[in-house]
Amino acid sequence: VIQLEPDVLRARLTTQITPNLGIVSAPYWVLGTDYTSYSVVWSCLQAGVFNLEFSWLLTRDKNPSSETLKAIDDILIANNLQDLPYNDTPQTC
């Protein structure tokens, strides 16, 4: 289930998933995109006393251009996410 947030000037959604422990709602915010080659997405989840934050760097190209990487870095810096560890996910198709 996806619900749009009232802030129409930003790409902010609320997603609901149903893992084994019940329904979980979490924000899914697109922090930046050029609509053709990359998107930077952020989410967080309150789990008891823990605040879990997630972010994804999504690209269409296996080897994004230096301009794309610079744009992604700028978004990460603007949102104080630049020092987080990211894992590469092989693109196989």
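The values are calculated or read from the model by the stated rules, or taken from the named source; none is laboratory data. On a predicted model such as this, the values are computed, not experimentally measured, just so you know. With ideal geometry, Cβ positions are generated from the backbone for all residues, glycine too; neighbour counts draw on all protein chains shown. Note: accessible area is taken over every heavy atom of the protein model, side chains too, but ligands, DNA and RNA are not part of it. Shrake-Rupley method; radii C 1.70, N 1.55, O 1.52, S 1.80 Å.
Some notes on this structure:
- Across the protein chains, with a 1.4 Å probe defining accessible surface, the residues 12, 60 rank 60, 12 from largest area downward.
- Label separation (residue 14 vs residue 89): 2.4 nm, computed from points 7 Å beyond Cα along the C-beta direction.
- Residue 80 paired with residue 51, simple spin-label distance in nm, labels 7 Å along Cα-to-beta-carbon: 0.8 nm
- In Å², nearest 10: area of residue 30 left accessible to a 1.4 Å probe: 50 Å²
- Across the protein chains, with a 1.4 Å probe defining accessible surface, the residues 35, 86 rank 35, 86 from largest area downward.
- Spin-label model, residue 62/residue 36: points 7 Å from Cα along the beta carbon direction are separated by 2.2 nm.
- Ranking by accessible area, most exposed first, for 53, 67 with a 1.4 Å probe: 67, 53
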